[in-house]
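Report on the following structure.
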Amino acid sequence: MKGIRFLPSGTHIPFIGFRKVSLAFSILAMVASVFLFFAVNLNYGIDFRGGTLIEVRDKSGPVNLGQFRSTLGGLGLGDIQVQEFGAPTDVLIRVEQQAGGEANQQNAIKAIKGALGDGVDYRRVEVVGPTVSGELIQSGTIAVVVAILAVLIYIWFRFEWQFSLGAVAALVHDVILTIGIFCALQIEFNLSIIAAILTIVGYSLNDTVVVFDRVRENLRKYKKMDFAELLDLSINETLSRTILTSVTTMIALVSLYIFGGEVIRGFVFAMIWGVIVGTYSSIFVASPVLLMLGVKREWSGLSGAKAKEPASGDA
């Protein structure tokens, strides 16, 4: 039985020829993402801002958001956000952090329950204090930075420092663009999104390592081939695998986004976006950066081995 191929074996797309356009596009996208972060900022969830999150289900049927807002608006609890959440009968209530500590936060929950009465079921109540939210922001940032540094060291030992910097450039690109899209769309940024970003780092790294591993093999086989041509050859040889992996992953993620419910929708959106930018960066960011840095042909340690020149159909 033959394996599935999305592309013919002789496919030769000149990806490296597009490197100036792709790098310029990536740099502009990263600059725009940083600008959005400082100008608009992220829509931080309760995990990072502190406050109370209450999910309720209206027993009487589809909710009347206007009635909910008018009922809760007169409680004097500050900013209260009310929105539909999943099913038409579900409501998500966000209450800002109350001054005076945890006791006042619990009083706010009691006030909300008293105002809503017995007409609703309480499905979830979460309270996050300002100290905890600050620690979560710090821990989440450290987790992402440590993951990228670990990738830097891992690729350095497995390949060479040029490969390491190329892989890290792709990862930084993916993380910054993910933050940028969340700033632009104002999707709630909570602790699960940090988990999604760490998963994106792993996915992008996997794609990049597959390409780099083929580059390393071809460096040993074709010692006199132009490096840009060798990179194109390596990308095209792994392109069918890259597309197959991305498509199968996207099928699962899109299904989760449509049918998985509101609770995981932000996480799944981050993953979908991560698969797109991760696949893009492994081809259009990591490889062009590697070309700019250059690789010594003696690096493979096989300088004494017999060089193999490409046959007419190899390149």
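A compact table of results
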quantity	calculated
Count of segment 83-93 residues which are at pLDDT 80 or above and either polar (S, T, N, Q) or surrounded by 19 or more Cβ atoms within 10 Å (Cβ to Cβ) (or both)	5
Qualifying residue in segment 119-131 (condition: more than 29 Å from Val63 (Cβ to Cβ) and surrounded by fewer than 21 Cβ atoms within 10 Å (Cβ to Cβ))	yes
Given (1) assigned to a helix (DSSP H, G or I); (2) touching a Leu at 6+ places or on another chain (Cβ under 8 Å); (3) modelled with pLDDT under 85, index of the condition Val295 fails	(1)
Residue, farthest from the chain's Cα centre (by Cα), within segment 184-193, restricted to residues that are modelled with pLDDT under 85 and assigned to a helix (DSSP H, G or I)	Leu191
Output for segment 157-180, where each listed residue is among the basic types (Lys, Arg) and either under 22 Å from Ser139 (Cα atoms) or not in a helix (DSSP H, G or I) (or both)	none
Complete set of residues in segment 102-118 that are surrounded by 12 or more Cβ atoms within 10 Å (Cβ to Cβ), farther than 13 Å from Arg57 by Cα and without any contact (Cβ under 8 Å) to a residue 40 or more places away in the chain	Asn104, Gln106, Asn107, Ala111
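Here is a yes/no grid of residues against (1) in a helix (DSSP H, G or I); (2) within 28 Å of Ile27 (Cβ to Cβ); (3) at pLDDT below 85:
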| residue | (1), (2), (3) |
| --- | --- |
| Phe182 | yes, yes, no |
| Met225 | no, no, yes |
| Glu229 | yes, yes, no |
| Ile235 | yes, yes, no |
| Val254 | yes, no, no |
| Ile258 | yes, no, no |
| Gly261 | no, no, yes |
| Ile276 | yes, yes, no |
| Ile283 | yes, yes, no |
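The values are calculated or read from the model by the stated rules, or taken from the named source; none is laboratory data. If you're wondering where the values come from, they're calculated on a predicted model, not measured in any experiment. Positions of Cβ are backbone-derived with ideal geometry, glycine not excepted, and every protein chain shown enters the neighbour counts.
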